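*Asks:* Take this structure first; my questions come after.
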Amino acid sequence: MPPAYPKAIVFDLDYTLWPCWCDTHISMPLKFISHSEVEDSYGMRLRLYKDVEMIIKELKDNDVYIISASRTATPYIAKELLQRFHVSGRPLIEFFDSMQWGQGSKVKHITKAAKELKLESSLEKGEFILFDDEYRNRDVLSINCEFAHVDERKGLDRKVFEKALKIWHHNHKN
Ligand SMILES: [Mg+2]
């Protein structure tokens, strides 16, 4: 059976898509190494976690909305990273249908994204999953968004992705 997908998937950025806090660990400017690797001004190299590219591509191929929700204090660094990392030859940033960044709860970020994409009823029906490494962001359950915890040592990977889809499918099948 092909996997079932929710209407929208929301990704945190730091320690979900890449292994650092982009507001404190990265020192600009960034140097190009390849479309999957950058180097900051201190020579620290950064890549996406290894399964991120494949997962983003799979979601796009299956018409799932992709949203980012981040509390980052330096959106310009996050934005530059998303422009530099490529998926299928295109900047990763182009794969996001909505980007909601800034201080405060992800309840706020996700509510705003749903409104922007006219997906309020899908959110109400439980058609959203948030992948995030911080347990405090589980408060999104209050708006009926499923929460999938990402282990910050591994980041988003196939295993956590498939497990979350399974749990979501089990919880929301009619
Ligand atoms: Mg995070």
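The values are calculated or read from the model by the stated rules, or taken from the named source; none is laboratory data. Note that the coordinates shown come from a computational prediction; the quantities given were computed from them, not determined experimentally. With ideal geometry, Cβ positions are generated from the backbone for all residues, glycine too; neighbour counts draw on all protein chains shown. Side chains are part of the model used for accessible areas, which takes the heavy atoms of the whole protein and leaves out ligands, DNA and RNA. Shrake-Rupley method; radii C 1.70, N 1.55, O 1.52, S 1.80 Å.
*Asks:* Just one of Ile66, Ile56, Ile26 is within 16 Å of the ligand (Cβ to nearest atom) and touching a helix residue (DSSP H, G or I) at 6+ places or on another chain (Cβ under 9 Å); which is it?
*Replies:* On inspection, the qualifying residue turns out to be Ile26.
*Asks:* Determine whether Thr74 is within 16 Å of the ligand (Cβ to nearest atom) and either over 30 Å from Glu120 (Cα atoms) or crowded, with 20+ Cβ neighbours inside 10 Å (or both).
*Replies:* Spelling it out, it is not the case that Thr74 is within 16 Å of the ligand (Cβ to nearest atom) and either over 30 Å from Glu120 (Cα atoms) or crowded, with 20+ Cβ neighbours inside 10 Å (or both).
*Asks:* Among Lys159, Lys166, which is the only one that is away from the ligand (no atom under 16 Å from the Cβ) and closer than 16 Å to Phe11 by Cα?
*Replies:* Of the residues listed, the single one that is away from the ligand (no atom under 16 Å from the Cβ) and closer than 16 Å to Phe11 by Cα is Lys159.
*Asks:* Of all residues in the stretch 152-174, which are modelled with pLDDT of 95 or more and either small (Gly, Ala, Ser) or part of a loop (DSSP other than H, G, I, E, B) (or both)?
*Replies:* Gly155, Leu156, Asp157, Ala164 - these are the residues of the stretch 152-174 that are modelled with pLDDT of 95 or more and either small (Gly, Ala, Ser) or part of a loop (DSSP other than H, G, I, E, B) (or both).
*Asks:* Right, Ala113: touching a strand residue (DSSP E or B) at 6+ places or on another chain (Cβ under 6 Å) and touching a residue at least 24 places away in the same chain (Cβ under 8 Å) or not?
*Replies:* Yes.
*Asks:* Taking the criterion of being at positive phi and either in a loop (DSSP other than H, G, I, E, B) or not hydroxyl-bearing (Ser, Thr, Tyr) (or both), would at least one residue in the stretch 18-39 satisfy it?
*Replies:* First pass over the stretch 18-39, keeping only residues at positive phi: none.
No, that holds for no residue.
*Asks:* Follow-up. Arg90 fails exactly one of the following numbered conditions: (1) away from the ligand (no atom under 16 Å from the Cβ); (2) out of contact with any strand residue (DSSP E or B) (no Cβ under 7 Å at 6 or more places or on another chain); (3) open to solvent by less than 20 Å² (accessible area, probe 1.4 Å). What is the number of that condition?
*Replies:* It is condition (3) that Arg90 fails.
*Asks:* Residue under question is Lys7, and the condition is that it be within 15 Å of the chain's Cα centre (by Cα) and either more than 15 Å from the ligand (Cβ to nearest atom) or surrounded by fewer than 21 Cβ atoms within 10 Å (Cβ to Cβ) (or both); does it hold?
*Replies:* It is true that Lys7 is within 15 Å of the chain's Cα centre (by Cα) and either more than 15 Å from the ligand (Cβ to nearest atom) or surrounded by fewer than 21 Cβ atoms within 10 Å (Cβ to Cβ) (or both).
*Asks:* Something else about it: Go through the stretch 37-53 and count every residue that is over 21 Å from Asp151 (Cβ atoms) and of a type outside the set (Val, Ile, Thr).
*Replies:* 8
*Asks:* Continuing with this model, one more query. If you take the residues of the stretch 25-70 that are within 16 Å of Phe131 (Cβ to Cβ) and of a type in the set (Asp, Glu), which of them is least open to solvent (accessible area, probe 1.4 Å)?
*Replies:* Filtering first and then ranking leaves Asp51.
*Asks:* Another question about this same structure. Could you list all residues from the stretch 121-174 that are aromatic (Phe, Trp, Tyr) and open to solvent by 10 Å² or more (accessible area, probe 1.4 Å)?
*Replies:* Tyr135, Phe147, Trp168
*Asks:* Where the second residue is in a strand (DSSP E or B) and the first is over 21 Å from Ala114 (Cα atoms) and lies in the stretch 134-162, which pairs have Cβ atoms under 6 Å and are six or more apart or on separate chains?
*Replies:* Listed pairs, sorted by first residue: Val150/Phe131; Leu156/Phe131.
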